[in-house]
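The values are calculated or read from the model by the stated rules, or taken from the named source; none is laboratory data. Fair warning: this is a prediction, and the values are worked out from it, not measured in the lab. Every residue, glycine as well, gets a Cβ built from its backbone with ideal geometry; the counts of neighbours run over all protein chains shown. To get the accessible areas, we keep the full protein, side chains included, count just its heavy atoms, and leave off ligands, DNA and RNA. Shrake-Rupley method; radii C 1.70, N 1.55, O 1.52, S 1.80 Å.
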Amino acid sequence: MNEKRPFITKEQAEEIVKQYPTPFHLYDEAGIRKNARELYQAFSWNKGFKEYFAVKATPNPRILQILKEEGCGTDCSSYTELLMSDACGFSGKEIMFSSNDTPVEDFQLADKLNATINLDDITHIESLEQAIGHIPERICCRFNPGGVFQLGGSKEGFQVMDNPGDAKYGMTREQMSEAYKILMQKGAKEFGIHSFLASNTISNEYYPALAKILFQLAVELHQETGAHVKFINLSGGIGIPYRPEQSKNDIAIIGEGVRKAYEEILIPAGMGDVEIYTELGRFMLGPYGCLVTTAIHEKHTYKEYIGVDACAANLMRPAIYGAYHHITVLGKEDAPCDHKYDVTGSLCENCDKFAVDRMLPEIDMGDILVIHDAGAHGFSMGYNYNGKLRSAEVLLKEDGSTELIRRAETPADYFATLDFTGLFNK
Ligand SMILES: *Cc1c(COP(=O)(O)O)cnc(C)c1O
């Protein structure tokens, strides 16, 4: 269980709204920093530990600056994410480039920034060589064990279940050996292993189980090829409790679980210098951002509807995955949830609902709603369907003041890629 209290009060929200009209995404600097420190503490037993924040989760320079101050690097998978990392002062080993289906220019920019390139496929060895004219000394390969990945079976099902065999990412076991051999011949000296087996896991067992698989693989690859495995990247996948009945992962327990696997597998193999990396997005930012929106319409037909001023263009997870995002009506935190509502946005799409049949306190027009856990894969998945404009992003700083860290789009932004010249004789 987790209580799902918003990180702002009604009074704070009313102050912020005077300056920045809803809807906007709000981020909690204190929460982001505290969580990042707990992650580093949990892995402090590993000398080279580093978190490479998955930029795609929350691509905002101010957020990246905060994470950089906490010791994080960035994980990029596109040209513009690389540009943003560079503009934020990340360079060399601070950037992990974990792409797939990679365009030539992306490899070239990653190389120019001396980022660590994580190859998604064995054919990318040739693509990379053609793109940049050589193979870097430091290189990583992404592993996909295939099949189904399951943890913690019980009558209710598996605690974690995902389907690597259906995923487009990574190389097979045989390809990993082959890739290492080819890369060594072409001059690579420091090797990494990367794998992402399950997403949004609510389990302290996921990382330790993944670590065991990758540590075993590291030992085998080292013995087979003689390659120096320098780091193992456990990538993303540690989840957050979107629902109140779920419990939070305990990063200290997760760190200890990985340490145990490290001591059981890598140390006896004489590989006690392997650095552990993570590439978390959701875990780093998810709970520390929310979408703040105002109730602007109510509708009573076959169901009870509350229309808010945000829509799926601001947060699309409910619309595309049917994802649950907890909602708090500010000022009514302790009121009984005795009304059943669909909370909707204004897109001409019936899936544009932040909640369906949700029990909430009675909502009055003008009430401010907090849609929780929108800090990762929230704003960044936004789009412009129906001509909707992306909202602002606001940072709630540690001292309680606020800072606009991205202005809201204007119609001029929407039209900026179009040219009307000569079209309408106006
Ligand atoms: C998306 C992604 C991540 C982050 O995933 P989370 O679920 O946000 O932790 C990490 N690595 C890669 C390669 C990704 O694509």
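When you look at residue 230, is it under 20 Å from residue 98 (Cα atoms), within 16 Å of the ligand (Cβ to nearest atom), open to solvent by 10 Å² or more (accessible area, probe 1.4 Å) and among the basic types (Lys, Arg), yes or no?
So residue 230 does not fit the description; no.
Inside region 364-389, can you point out the residues that are assigned to a loop (DSSP other than H, G, I, E, B) and open to solvent by less than 40 Å² (accessible area, probe 1.4 Å)?
367, 372, 373, 374, 375, 376, 377, 378, 382
Condition (residue is away from the ligand (no atom under 16 Å from the Cβ), outside any strand (DSSP E or B), open to solvent by 30 Å² or more (accessible area, probe 1.4 Å) and not polar (S, T, N, Q)) applied to region 279-292: is it met by at least one residue?
Checked region 279-292: no residue is away from the ligand (no atom under 16 Å from the Cβ), outside any strand (DSSP E or B), open to solvent by 30 Å² or more (accessible area, probe 1.4 Å) and not polar (S, T, N, Q).
Return yes or no: is residue 334 open to solvent by 30 Å² or more (accessible area, probe 1.4 Å), free of Cβ contacts under 8 Å to residues at least 12 places away in the same chain and in a loop (DSSP other than H, G, I, E, B)?
yes
Just the residues that are within 16 Å of the ligand (Cβ to nearest atom), in contact (Cβ under 8 Å) with a residue 60 or more places away in the chain and not in a helix (DSSP H, G or I), please, taken from region 237-272.
Residues satisfying the conditions are 240, 241, 242, 246, 248.
Quick one: how many residues across region 337-363 are part of a loop (DSSP other than H, G, I, E, B) and open to solvent by 20 Å² or more (accessible area, probe 1.4 Å)?
So the count comes out to 8.
Within the bounds of region 156-163, is there any residue that is charged (D, E, K, R), assigned to a helix (DSSP H, G or I) and within 16 Å of the ligand (Cβ to nearest atom)?
no
From the list 95, 122, 117, 193, exactly one residue is modelled with pLDDT of 95 or more, in contact with a helix residue (DSSP H, G or I) (Cβ under 9 Å, 6 or more places away or on another chain), surrounded by 16 or more Cβ atoms within 10 Å (Cβ to Cβ) and more than 22 Å from residue 276 (Cα to Cα). Which is it?
Exactly one of 95, 122, 117, 193 is modelled with pLDDT of 95 or more, in contact with a helix residue (DSSP H, G or I) (Cβ under 9 Å, 6 or more places away or on another chain), surrounded by 16 or more Cβ atoms within 10 Å (Cβ to Cβ) and more than 22 Å from residue 276 (Cα to Cα), namely 122.
Name the residue that is farthest from residue 169 (Cα to Cα), counting only residues in region 101-142 that are among the polar types (S, T, N, Q) and in a strand (DSSP E or B).
Ranking the candidates gives 116 first.
When only residues in region 80-100 that are away from the ligand (no atom under 16 Å from the Cβ) and assigned to a loop (DSSP other than H, G, I, E, B) count, which is farthest from residue 63 (Cα to Cα)?
Going through the qualifying residues, I end up with 91.
Every residue, every condition in (1) open to solvent by less than 10 Å² (accessible area, probe 1.4 Å); (2) within 27 Å of residue 287 (Cβ to Cβ), yes or no:
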{"position": "239", "(1), (2)": "yes, yes"}
{"position": "244", "(1), (2)": "no, yes"}
{"position": "252", "(1), (2)": "no, yes"}
{"position": "266", "(1), (2)": "yes, no"}
{"position": "269", "(1), (2)": "no, no"}
{"position": "273", "(1), (2)": "no, no"}
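To keep it simple, each residue is scored yes or no on (1) more than 15 Å from residue 289 (Cβ to Cβ); (2) more than 13 Å from the ligand (Cβ to nearest atom).
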| site | (1), (2) |
| --- | --- |
| 26 | no, yes |
| 36 | no, yes |
| 40 | yes, yes |
| 55 | no, no |
| 62 | no, yes |
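Would you check if residue 30 is among the hydrophobic types (A, V, I, L, M, F, W, C), out of contact with any Asp or Glu (no Cβ under 7 Å at 6 or more places or on another chain) and not in a loop (DSSP other than H, G, I, E, B)?
Answer is no for this residue.
Within region 293-331, track down each residue that is of a type in the set (Val, Ile, Thr) and either crowded, with 23+ Cβ neighbours inside 10 Å or more than 16 Å from the ligand (Cβ to nearest atom) (or both).
293, 294, 296, 301, 306, 308, 327, 328, 329
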